[in-house]
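Shown next, in structure tokens, is the structure this report addresses.
The values are calculated or read from the model by the stated rules, or taken from the named source; none is laboratory data. All values derive from a computational prediction rather than experimental measurement. Glycine gets a Cβ as well: all are built from the backbone with ideal geometry, and neighbour counts include every protein chain shown. With ligands, DNA and RNA removed, areas are computed over all heavy atoms of the protein, side chains included. Shrake-Rupley method; radii C 1.70, N 1.55, O 1.52, S 1.80 Å.
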Amino acid sequence: MKIAVLPGDGIGTEIVAEAVKVLNVLGLPLEMETALVGGAAYEAHGHPLPESTLKLAKEADAVLFGAVGDWKYDTLDRPLRPEQAILGLRKNLGLFANFRPAICYEQLVGASSLKPELIAGLDILIIRELTGDIYFGQPRGRRIATDGHFPGAEEAYDTMRYSKPEIERIAHVAFQAARKRSKRVTSVDKANVLETFQLWKDVVTEVGQQYPDVALDHMYVDNAAMQLVKAPKRFDVVVTGNMFGDILSDEASMLTGSIGMLPSASLNAANQGLYEPSHGSAPDIAGKGIANPLATILSAAMMLRFSLNQEEAAQRIEAAVKAVLAQGLRTADIYSEGTTRVSTREMGDAVVKAL
Ligand code: NAD
């Protein structure tokens, strides 16, 4: 089983090192090869997604990804910015389905900013379409100001678009995922204002007719944002477009206490996948050894489950994470009084020990 390991920038290198440590003690025939991506690749090769890195990712059964980005690259031309690497990987590998579970672990109920009764037992799955919508729309650009330069541009535009087949395939993913859970799908759109999302709503409804055993409801994105903090447990599987999914999944992640806890999987039609924590490169805490590695370790568990067909190993990792939380071990982001504060490495070591 070949895994391309792409740690990236900032805390990416610190958290991926812990996930690799965990994978190494499972006793599975895993072949891991590491490559540069993001700002680190730009520094070394002049491009955030060098050909050699893309080739490694394409040839692997799965990609374990850390995070990319740093404020210092904000002035680079857009195609050279670290974040373009992740967009390039999604596009080149055809990773159209992003799974973001938001699970509230019993021991972390107190770390949420919401009342315990609202989030205890929370287990929702946000499925975000990943290769369409306004992030990949054409045309995009800025209208040049009268002085002829972009810095003085007076107007900018990005085009939102979806095609019927793009919506159909993500809808199927959502209904099939719901069949393995509580058989409920909420499709989030903005059909009251946007044509793109009227199409979305129509197509999801049509696909839904093939799944009579799954209950489908539709919600506008502004209401969904509100309901997520008002009554999050009303949701089970949420399916939405790229931009709304980007925002709602970060919102959902905070319900559970910390973005440092949440894994994600991005899959293509062949179940080849890219696995990464839901958070970014956290330049504010990079190099301090305090980042929470659990989102990345749980992403490795999702990788074993979805791309490598190793359900038992996935469950062992998830049980080990619960065990270290039960022992009271906490990185700074989930620390509360009465628990034991540990570093990134100590958290990784504890998961290894629990395994
Ligand atoms: P971020 O997710 O990196 O950080 C947001 C906040 O959460 C910060 O305060 C950070 O310290 C904290 N945080 C994040 N992960 C944590 C962890 N594992 N443990 C403890 N605390 C954690 O988002 P941002 O600050 O908006 O962006 C930073 C950089 O990351 C930017 O360059 C952005 O473009 C990039 N980014 C990359 C990805 C990706 O690689 N897929 C995703 C989002 C953002």
> With each pseudo-label sitting 7 Å past Cα toward Cβ, what's the LEU355-GLN198 distance in nm, one decimal?
Replying inline: 5.2 nm
> Which of the pairs LYS21/LYS322; LYS55/LYS183; LYS2/LYS91 have their Cα atoms more than 27 Å apart in this structure?
Replying inline: LYS55/LYS183
> Kirkwood-based Rg over Rh for the range 98-267 (C-alpha set), two decimals?
Replying inline: 1.05
> When the convex hull of the Cα atoms of the range 89-135 is projected onto a plane and the area is averaged over all directions, what value comes out in nm²?
Replying inline: 4.6 nm²
> Restricting to the chain, what percent of DSSP beta bridges are antiparallel, rounded to 5?
Replying inline: 40 percent
>> With an 8 Å Cα cut-off and a minimum separation of 6 or more residues, compute the relative contact order for the range 170-303 in percent.
In response: 22 percent
> Taking the Cα centre of each part, how many Å lie between the range 242-286 and the range 27-81?
Replying inline: 17 Å
> What list of ³J(HN,Hα) couplings, whole Hz, do you get for the range 128-137 from phi and the Karplus terms 6.51, -1.76, 1.60, once you set θ to phi - 60° and write x for glycine and proline?
Replying inline: 10, 5, 10, 10, x, 6, 5, 6, 10, x
> What are the ³J(HN,Hα) values, in whole Hz, obtained from phi via the Karplus relation 6.51 cos²θ - 1.76 cosθ + 1.60 with θ = phi - 60°, for each residue of the range 296-305 in sequence order, with x given for Gly and Pro?
Replying inline: 6, 5, 6, 5, 4, 5, 4, 4, 4, 6
> So what is log10(I(q)/I(0)) for the chain at q = 0.06 1/Å, when the Debye sum runs over its Cα atoms only?
Replying inline: -0.22
> Quick one: with all protein chains in place, what share of the accessible area of the range 98-267 is carbon or sulfur, to the nearest percent (1.4 Å probe)?
Replying inline: 54 percent
> With θ set to phi - 60° and the Karplus curve 6.51 cos²θ - 1.76 cosθ + 1.60, what are the ³J(HN,Hα) couplings of the range 172-186 in order, to the nearest whole Hz, using x for Gly and Pro?
Replying inline: 4, 4, 5, 5, 5, 5, 5, 4, 8, 10, 9, 6, 9, 10, 10
> R0 = 51 Å: FRET efficiency of SER182 with LYS55, Cβ-based, nearest 0.05?
Replying inline: 0.80
> Under 20 Å from the 7 Å Cα→Cβ point of LYS115, by amide nitrogen: which residues of the range 216-232?
Replying inline: 225-232
> So what is the relative contact order for the chain, in percent, with contacts set as C-alpha pairs under 8 Å and at least six apart?
Replying inline: 21 percent
